[in-house]
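Asker: One structure is given below, represented as structure tokens, and several questions about it will come after.
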Amino acid sequence: MADLPNEGERSSSRPQFDLSGAAIRGNLEDKDLTIVLPNQFGDISHLAIDIGGSLIKLVYFVRDKNYSLHYQSPKGRLEDPNIDRMLGGALHFVTFETGKFSECLDFIYTKQLHRGGINQRGCYSAAPSLSKDNVIIKATGGGAHKYADDFMKRLEVSLEKEDEMECLVAGAIFLLKAIRDEAFVHVKGKKEFVQINQNDLFPYLLVNIGSGVSMIKVDGETKFKRVSGTSLGGGTYWGLGKLLTGCNSFDELLELSQQGDNKAVDMLVGDIYGMDYSKIGLSKSTTASSFGKATFENKKPEDYRPEDISLSLLLMITYNIALLSYLVAQHFGLKRIFFGGFFIRDNAYTMEAISNAVRYWRNFFCGSNGQAEALFLRHEGFLGALGAFMSYKKHGLDDLMAEHVEKITMGELYLAENTHGPLLEDSRPEANTLSCLNIEISQIASEMAKVFLSEGNRSFVAGRYKDAVGFFSEAVHLDPANYIFYLKRSAAYACTNQYEYCLADAKKAAELELATPSDAQVAVIQLDHDKGHRKKSNQPEVENQFVVDDV
Ligand SMILES: Nc1ncnc2c1ncn2[C@@H]1O[C@H](COP(=O)(O)OP(=O)(O)OP(=O)(O)O)[C@@H](O)[C@H]1O
Ligand SMILES: CC(C)(CO)[C@@H](O)C(=O)NCCC(=O)O
């Protein structure tokens, strides 16, 4: 087992990730993207973030004994205070809209992810006494630069910036090398998972369709170059779609496209020729000009159905990105094009359109000799965040023993009809992605406060009064209306000879506890008495009567 770092020594230099046995938790039909790391025994950094033009992506690790291959629970072992450090765990994936940045900060704060998170038993996964100066979070994307000050102000953490392209590449390589059932092709509406021979992975083209599009030629783990890009991206679909249809969310716009008929908006070859233009290989149903029909029809914008507009826009964007990608791949002689980014949104229609376009241009240019193929990744939108996560310590995937990386056989087919709906569903509500936006923060805060309360109690009983003050303060911060937390902190302050604070907290507790004033009032009297006593004897003795059971 890896040596454990000293508490409080949290820096960017971290023990190696143990990726052996890494696997996606759900089955192939699931949207659950949680990645289980069953053999991660050493300490591990808990949060990385990718702040893009449209979306913020979080990846965080939570230890969990259920995911440990080696975990046995003989009686007594659970009492080992170091047990948490020996367990495996899982990587969780969450997104927020960049425009709702403060909700993301609330989420991180409430879960205390910036301080190492809370483990299954409700304890800090990292050092509770962590010096705030040491706390860094790996971050990538443009927002890592733009929002660094906000992180410092709200969470008192520094963002350690990692280059966006490096992170995209590192994230993709991690997924392709370590995770089974990650990559797939889309054929006739179905996903077909593919086994990628690790010795034959490079070179490939990585096309990340975010707000804008980056095309990266990847020749090796650290050998890559951004060879092209286009501003015609996910932001264009969502931005134009919003303006033209009045939709309130990306998912609503995408949903509309499913009921759309692009022929109602697009000018087809048939509209121009009245027939196929077979000499150059264009059938009459081919789109000749996206949105072109509006030029000759005497209609107002509101006469066009939002469904048709959405589909026309979706096809316009996907076909053009696919064409550009194909041409770039062809130019560099690359046979695989991996498409990532949240624009894809696990949407069957989008993937089908991209795959068909790549196939069409491959046949057009190379006939049956063509090899270029479109591939997709289940963690499509999280490449950058995963890359940032991996960068805590340049992990060197080659160090992994080959037999540790599970190889996949051809996965079961995935039915494309099921690909709509929320992208990332998780059986546990706290690990949901977009649904996190609706999370009841105050309820979580109250639960978290109880966790801090019990940690405080534990420290108090163990005589670690300063730590107890820290824990009870966190509880007060999270749930300032609960008198118990002030009462507890008051007791802890008494033990550290901070009588002014002790009395102030006891009074606050009495003030809050209107329903059953007796507890708090007794405490004030008791503390007033203790204060006098201790001033005389100078002994930090406080009776454990204040350490009552958890609320
Ligand atoms: N809930 C959503 N809200 C907004 N956009 C969404 C949503 N779901 C999917 N998208 C699509 O995903 C795109 C953003 O993808 P992604 O998160 O990969 O890029 P980004 O990091 O925000 O952008 P960039 O890398 O260009 O800064 C949006 O432009 C939109 O097309
Ligand atoms: C600016 C970035 C890299 C930010 O992620 C992305 O949005 C992008 O690649 N846009 C396309 C820019 C261009 O090459 O025209």
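Asker: For the stretch 158-289, report the accessible area per residue in Å² (1.4 Å probe, heavy atoms, rounded to an integer). Walk me through the intermediate numbers first.
Answerer: On the way: 6080 Å² over 132 residues.
Value returned for the stretch 158-289: 46 Å² of accessible area per residue.
Asker: Less than 10 Å Cβ to Cβ from Thr286, Lys/Arg counted +1 and Asp/Glu -1: what total charge do the surrounding residues give? Let's see the in-between values first.
Answerer: Working: positive: Lys284; negative: Asp266, Asp276.
Result for the neighbourhood of Thr286: -1.
Asker: Specify, per residue and in Å³, the volume enclosed by the convex hull of the alpha carbon atoms belonging to the stretch 158-304.
Answerer: Details: hull volume 28.8 nm³, N = 147.
Hull volume over Cα atoms, normalised by residue count, gives 196 Å³.
Asker: What does the highest-first list of 456-464, 499-507 look like by mean Cβ count within 10 Å? Present the calculation step by step, with values, prior to reporting the outcome.
Answerer: On the way: 456-464: 17.8, 499-507: 19.9.
Per-residue mean Cβ counts within 10 Å order the peptides as 499-507, 456-464.
Asker: How long are the semi-axes of the equivalent ellipsoid of the stretch 203-273, taking √(5λ) for every eigenvalue λ of the Cα gyration tensor, in whole Å from largest down?
Answerer: Working: eigenvalues 203, 64, 21 Å².
After diagonalising the Cα gyration tensor, the semi-axes are 32, 18, 10 Å.
Asker: For the pairs Lys191/Lys242; Lys111/Lys507; Lys138/Lys225; Lys263/Lys299, note any where the Cα-Cα span goes beyond 25 Å. If you can, show how the numbers build up before the last one.
Answerer: Working: Lys191/Lys242 29 Å; Lys111/Lys507 29 Å; Lys138/Lys225 22 Å; Lys263/Lys299 15 Å.
Check vs 25 Å cut-off fails for Lys191/Lys242; Lys111/Lys507.
Asker: May I pose another question? Taking a threshold of 30 Å on the Cα-Cα distance, which of the pairs Lys153/Lys217; Lys153/Lys488; Lys188/Lys284; Lys190/Lys279 fall above it? It would help to have the intermediate numbers written out before the result.
Answerer: Numbers: Lys153/Lys217 38 Å; Lys153/Lys488 28 Å; Lys188/Lys284 22 Å; Lys190/Lys279 32 Å.
Checking Cα-Cα distances, Lys153/Lys217; Lys190/Lys279 exceed 30 Å.
Asker: Now for a different question. I'd like the accessible area for Lys31, computed on protein heavy atoms only with a 1.4 Å probe and all protein chains in place. Round to 10 Å², please.
Answerer: Accessible surface of Lys31 is approximately 30 Å².
Asker: DSSP loop GluC sites (Glu not before Pro) in the stretch 142-176 with at most 16 other Cβ atoms within 10 Å of their Cβ, which ones? Present the calculation step by step, with values, prior to reporting the outcome.
Answerer: Details: sites: Glu156, Glu160, Glu162, Glu164, Glu166; in loops: Glu156, Glu162.
Those satisfying the criteria are Glu156.
Asker: Count neighbours as other Cβ atoms within 10 Å of each site's Cβ, and list the GluC sites (Glu not before Pro) in the stretch 248-357 that are DSSP loop with at most 13 such neighbours.
Answerer: Details: sites: Glu252, Glu255, Glu297, Glu302, Glu307, Glu352; in loops: Glu297.
Passing sites in the stretch 248-357 are Glu297.
The values are calculated or read from the model by the stated rules, or taken from the named source; none is laboratory data. No experiment lies behind these values; they were computed from the predicted model shown. Here Cβ is always computed from backbone atoms with ideal geometry, including for glycine, and neighbour counts include all displayed protein chains. Please note that ligands, DNA and RNA were not included when accessible areas were found on the heavy atoms of the full protein model with its side chains. Shrake-Rupley method; radii C 1.70, N 1.55, O 1.52, S 1.80 Å.
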